[in-house]
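> The structure under discussion is supplied below as structure tokens; questions concerning it will follow.
The values are calculated or read from the model by the stated rules, or taken from the named source; none is laboratory data. Here the structure is a predicted model, which means the values were calculated and not measured. Reconstructed Cβ throughout: ideal geometry from the backbone, glycine too, with neighbour counts over all protein chains shown. Heads up: the accessible areas ignore ligands, DNA and RNA and are worked out on the full protein's heavy atoms, side chains in. Shrake-Rupley method; radii C 1.70, N 1.55, O 1.52, S 1.80 Å.
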Amino acid sequence: MRRDWRESARTAADLAVLGFLVTGAALPVVTAGAAVATGSAAIRHHLDHDAWPSPRALGATFARALLPGLGWSVALVAAVALITIDFLAVRAGAAPGGPVALAALLVVALGVAGLAGLLAVTASPPAAWRLARPGPLLASAGVVGLAALLAVLVHPGLIPVLAGYALFALHVVARRAGPPPPRQAETTGPRTFAGRPGAFVGRPRPKLRPLPEPPASPATR
């Protein structure tokens, strides 16, 4: 079903507002993981139900994600710091390896960025690992890297907008990488008033009852 341009513009505006809310909730730093998890849950709910969750539900999600989000934020910062230190050491000649080590560190950095993006939208390490194939990891890393590059180039006031759009793009990557939904059995039916085919998808056909036999005429008795 094709969406109207006004619905697309409304969704884009909602994502921009969501980006500001996520950025504001992440300002204390220790709440950054919970803020991203809550914003991701809101986008997931919107994609599933075509509606945004209530503020009460978002508050409950934020409270539940505080401690896990803090742990994953510390792990991500530690991984980025370790990769940066190794990169600077190899580039300065303090560590062996040269170009080969730099290429290996680049691959590791892409993997960490891609896994972090998948973890942000799945909110589950096992689910993120199931999606951690080369294609989804590279696409997720591309979204994270593009968002980081644009954050450096655009006006600082637009960085929260990038956060909302990047979360949405990561959800698209995760859904394309996930298993396809089970297909329903389709039967041929007329088009609906809205112009969509398959008006009777999955409906069983009614059983036809046999017609009663006509009574015998006097001539045949």
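> Just checking, does the stretch 37-48 include any residue being in contact with a helix residue (DSSP H, G or I) (Cβ under 9 Å, 6 or more places away or on another chain), surrounded by 20 or more Cβ atoms within 10 Å (Cβ to Cβ), at pLDDT below 90 and of a type in the set (Ser, Thr, Tyr)?
There is no residue in the stretch 37-48 that is in contact with a helix residue (DSSP H, G or I) (Cβ under 9 Å, 6 or more places away or on another chain), surrounded by 20 or more Cβ atoms within 10 Å (Cβ to Cβ), at pLDDT below 90 and of a type in the set (Ser, Thr, Tyr).
> Please list, ordered by first then second residue, the pairs with beta carbon atoms under 6 Å, 6 or more apart or interchain, first in the stretch 153-167 and within 13 Å of Val17 (Cβ to Cβ), second part of a helix (DSSP H, G or I) and polar (S, T, N, Q).
Pro160/Thr23; Ala163/Thr23; Leu167/Ser40
> Sort out which residues of the stretch 2-28 are surrounded by 11 or more Cβ atoms within 10 Å (Cβ to Cβ) and closer than 17 Å to Ser73 by Cβ, and write them in order of number.
If the condition is that a residue be surrounded by 11 or more Cβ atoms within 10 Å (Cβ to Cβ) and closer than 17 Å to Ser73 by Cβ, then Val22, Thr23, Gly24, Ala25, Ala26 are the ones that fit.
> Would you confirm, using the coordinates I've provided, whether Phe87 is touching a residue at least 12 places away in the same chain (Cβ under 8 Å), in contact with a Leu (Cβ under 6 Å, 6 or more places away or on another chain) and either open to solvent by less than 70 Å² (accessible area, probe 1.4 Å) or of a type outside the set (Ser, Thr, Tyr) (or both)?
Answer is yes for this residue.
> (1) at positive phi; (2) open to solvent by 50 Å² or more (accessible area, probe 1.4 Å): which one isn't true of Ala92, the others all being true?
(1)
> A further question follows. All but one of (1) over 22 Å from Gly145 (Cα atoms); (2) open to solvent by less than 40 Å² (accessible area, probe 1.4 Å) hold for Pro55; state the number of the condition that does not hold.
Unmet for Pro55, out of (1) over 22 Å from Gly145 (Cα atoms); (2) open to solvent by less than 40 Å² (accessible area, probe 1.4 Å): (2).
> Which members of the stretch 105-134 meet the condition of being more than 27 Å from Val90 (Cα to Cα), part of a helix (DSSP H, G or I) and touching a helix residue (DSSP H, G or I) at 6+ places or on another chain (Cβ under 7 Å)?
Listed by number, the residues that qualify are Leu118, Leu119, Ala120, Val121, Thr122, Pro125, Ala128, Leu131.
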